[in-house]
Amino acid sequence: MFGATDPQSADERIAQAEGYVGLLSTIGIERGIIGPREVPRLWGRHVLGSAVVEELIPGESDVIDVGTGGGLPGIPLAIARPDIWVTLVEPMQRRVDFLDEVIAALGIRNVEVLRARAEEVDPKGKADIVVSRAVAPLGKLAGWCLPLARVGGLMLAIKGQSASEEIARDAKTVRRLGGGPANISLCGESKLSDPVFPVPATVVAIERVR
């Protein structure tokens, strides 16, 4: 994660992650990007819980984060994986302004912000990976995310305990939208001994097959 070897030093990446948490917990609260009750969970649930999804992302992938809000999961993924390119898709201007400030302040070089809704993103069908976190039910999410992925690319949806139920309920919708069978991965299981990372991230992975 933040400590793997690459051209960018581990110390620099850790400093960026700490800076991101600091910005979320200060101006992020002031601007209504997150609620004050989330501060104790920023590291474990939000930042690390997003960054571990990098386990499912191949090298040098083009990644789109749909409905990124305050930059989750896209910013932690960009910090954890300097080899990928991340586009943060967010329709609300105040969030876009916050994201632009975060990227500039922390010097994150492999991320950009696009003010748009998922259905407005152009070109479609180009991304290797389309990620999302707590955005919408799986069926609706597939309608936004699968068209952005290339054939053979993946939609990765960070979900909670409802993942299996959503997969069963929305399987027909996902197939109609060009998605293959859904698989559940628990990212971060090897890191459960870390006290700031209490649970793995439940991720639903769906390949775009047509």
Between 0 and 90 degrees, rounded to the nearest ten: what's the tilt of helix 10-24 against the longest Cα principal axis of the chain?
90
For the chain, the longest principal axis of the Cα atoms and the Cα long axis of helix 163-176 enclose an angle in degrees, to the nearest 10, of 50
For region 127-166, what is the accessible area per residue in Å² when the probe is 1.4 Å?
36
GNM result for the chain, Cα springs below 10 Å: residue of 73, 123, 91 fluctuating most strongly:
123
Full-extension gain in nm, residue 97 to residue 136, via 0.36 nm per residue minus C-alpha separation:
11.7 nm
For the chain, calculated [θ]222 nm from helices alone, where every DSSP H run of n ≥ 4 adds -39500 (n - 2.57):
-9000 deg cm²/dmol
What percent of all Cα-Cα pairs in region 1-100 falls into each 5 Å bin, going from 0 up to the bin containing the maximum distance?
2, 14, 24, 25, 21, 10, 4, 0
Considering only DSSP beta bridges with both partners in region 93-210, what is the antiparallel share in %, to the nearest 5?
70
Could you report region 33-94's accessible area per residue, 1.4 Å probe, as an integer in Å²?
35
Over the chain, relative contact order from alpha-carbon pairs under 8 Å, at least 6 apart, %:
18
All alpha-carbon distances of the chain, grouped into 10 Å bins from 0, give the whole-percent distribution 9, 37, 38, 15, 1
For the chain, the percent of accessible surface on carbon and sulfur atoms (probe 1.4 angstrom, ligands and nucleic acids excluded) is 53
Bridge type composition, the chain - antiparallel percent by DSSP, nearest 5
40
Principal-axis tilt of helix 93-106 within the chain, Cα atoms, nearest 10 degrees
50
Sorted largest first, the Cα spans of region 49-170 on the principal axes come out in Å as 43, 30, 29
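The values are calculated or read from the model by the stated rules, or taken from the named source; none is laboratory data. Being a predicted model, the structure only gives us computed values, none of them experimental. For the accessible areas, the whole protein counts, side chains as well, though only heavy atoms, and no ligand, DNA or RNA atoms are used. Shrake-Rupley method; radii C 1.70, N 1.55, O 1.52, S 1.80 Å.
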